[in-house]
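Take a look at the structure set out below.
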Amino acid sequence: ILSIFVNGLSTTITRTVSYLEGRGRGKGVTFYMSKWFPTFVASFVTVVVWCLAASLVQSFFNMPNILIVLAFAPAVLLAPLQSVNKVYQQQTFNVRSVCAVLLVEVLAKLGIVVALVNSGLNQWAAVAIPASTICVWLASTWSARREIKTNPGNVLAQSKKAFPYGLYLASMLSGLSVTVFLSMDILFAKHFLRIDDAGTYSMLSLISKMIS
């Protein structure tokens, strides 16, 4: 569900930064920097709502511990921010940073899962998602700000481009339709089936989608 909002934001930032950079180097950077704090505020409000609804989420998905739900709060907070960072780097052709961030994401997620499983904390394996999100956010923020500081000419161009809410809404609706078509069955499986059965169903569903 979070991916609906994050992917919609990525699409919007991608289009806008590309358009502004095409009009003049530095305008995309200005847009990126001006939208970072509003994205943080919106993410923070979403985290508050997530924490308030944690008991409902736990009940719906039959999760054994509410702390697992609350552990996803960092992912809800930081996923939009790291998405903005990564998209900015992609659209300004900062290829090295993009590759480094992707490598950090893969290694962090894999390393955390292996550490949890080897420690006998199998039911906490999902925590690797928010934990890796923190690592990716730190890496992407550092690399993005470093790129801006090493190229100070980027911030000289000013742009008053407003955030394209219409495009964002259209992107979210598109993502929602894909999610409903491909993932709604998994949500219901996690609600009606036992945890082990739901996990098996999710794996089989993923394999079938990869084949098809």
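Once ligands and nucleic acids are excluded and a 1.4 Å probe is used, how much of PHE37 is accessible, expressed in Å² to the nearest 10?
The accessible area of PHE37 comes to roughly 130 Å².
Measuring with a 1.4 Å probe in the full set of protein chains, what accessible area per residue, in whole Å², belongs to the stretch 1-110?
50
Based on a Kirkwood Rh over C-alpha pairs, give the Stokes-Einstein translational diffusion coefficient of the chain at 20 °C and viscosity 1.002 mPa s in µm²/s. Write down the numbers at each step before the final one.
Values: Rh = 18.8 Å.
Rounded to a whole number, D works out at 114 µm²/s.
Once both labels are modelled 7 Å past Cα along the beta-carbon direction, what's the TYR165-ASN65 spacing in nm?
4.1
Ordering MET184, MET172, MET210 by accessible area with a probe of 1.4 Å, largest first, what comes out?
Largest accessible area first, the residues go MET210, MET184, MET172.
Tell me the relative contact order for the chain as a rounded percent, counting alpha carbon contacts under 8 Å between residues six or more apart.
Answer for the chain is 31 percent.
Quickly work out the ILE211-to-ARG146 label distance, labels modelled 7 Å from Cα along the C-beta direction, and quote it in nm with one decimal.
4.4
How high is the relative contact order of the stretch 1-114, in percent, with contacts defined as C-alpha pairs under 8 Å that are six or more residues apart?
It rounds to 33 percent for the stretch 1-114.
List the aspartates and glutamates whose alpha-carbon lies under 15 Å from that of LYS86, not counting same-chain residues fewer than 8 positions away?
Leaving aside aspartates and glutamates fewer than 8 places away in the same chain, those within reach of LYS86 are GLU105, GLU147.
Counting only protein heavy atoms, what percent of the accessible surface of the chain is carbon or sulfur at a 1.4 Å probe? It would help to have the intermediate numbers written out before the result.
On the way: 8750 of 12350 Å².
Here it works out to 71 percent.
If I model a spin label as a point 7 Å beyond the Cα along the Cα-Cβ vector, how far apart are those points for CYS99 and ASN122 in nm?
3.8
Could you name the aspartates and glutamates in cross-link range of LYS209, using Cα to Cα under 13 Å and dropping any fewer than eight places away on the same chain?
Leaving aside aspartates and glutamates fewer than 8 places away in the same chain, those within reach of LYS209 are ASP185.
The values are calculated or read from the model by the stated rules, or taken from the named source; none is laboratory data. Since the model is a prediction, treat every value here as computed from it, not as a measurement. Methodologically, a virtual Cβ is constructed for each residue, glycine included, from the backbone with ideal geometry; neighbour enumeration extends over all protein chains shown. Note: areas computed on protein heavy atoms with side chains; ligands, DNA, RNA excluded. Shrake-Rupley method; radii C 1.70, N 1.55, O 1.52, S 1.80 Å.
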